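Shown next, in structure tokens, is the structure this report addresses.
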Amino acid sequence: MTKNLAESRNEAMVRLMTEARNKGGNAIIGMRFDTTELGDVWTEICAYGTAVQAVPVTDAARYTASQLGYGGARAAPAAGAAAGAAAAVRRGLRPAENTVGSAG
């Protein structure tokens, strides 16, 4: 049972990510899951989130994004810049117009 729930949750996440990409997003924010018991044997798993286009706002964030396959590389970041890169990417999120959902 636990294996089936984990597989269903993963499938819902994959479907959510696919929908986000189809709408032009490269990240999902505010992601959450809802589960509903349907009788004694069925469980519904829904994944929700907002598709966004995350835009790196510093050279360190652009470098990190390029290493993850999201754009061209520039100069490598200075030592200690990696920790600030994640925060810069988070600050650089611009909300998309569409919210996507995936029912499992």
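Spot the failing condition for W42; the list is (1) over 14 Å from the mean Cα position of the chain (by Cα); (2) surrounded by 15 or more Cβ atoms within 10 Å (Cβ to Cβ), and only one is missed.
Among (1) over 14 Å from the mean Cα position of the chain (by Cα); (2) surrounded by 15 or more Cβ atoms within 10 Å (Cβ to Cβ), the lone unmet condition for W42 is (2).
Filter region 1-33 for residues that are surrounded by 12 or more Cβ atoms within 10 Å (Cβ to Cβ) and hydroxyl-bearing (S, T, Y); which is modelled with the lowest pLDDT?
Filtering region 1-33 for residues that are surrounded by 12 or more Cβ atoms within 10 Å (Cβ to Cβ) and hydroxyl-bearing (S, T, Y), the one modelled with the lowest pLDDT comes out as S8.
Please determine, by comparing only the residues of region 3-56 that are touching a residue at least 40 places away in the same chain (Cβ under 8 Å), of a type in the set (S, T, N, Q) and in a strand (DSSP E or B), which one is farthest from G69 (Cα to Cα).
T50
Can you spot a residue in region 84-98 that is surrounded by 15 or more Cβ atoms within 10 Å (Cβ to Cβ), over 17 Å from the mean Cα position of the chain (by Cα) and at pLDDT below 50?
Looking for residues that are surrounded by 15 or more Cβ atoms within 10 Å (Cβ to Cβ), over 17 Å from the mean Cα position of the chain (by Cα) and at pLDDT below 50, one finds at least one in region 84-98, hence yes.
The values are calculated or read from the model by the stated rules, or taken from the named source; none is laboratory data. Keep in mind it's a predicted model, so treat the numbers as computed, not measured. Backbone-built Cβ (ideal geometry, glycine too); neighbour counts: all protein chains shown.
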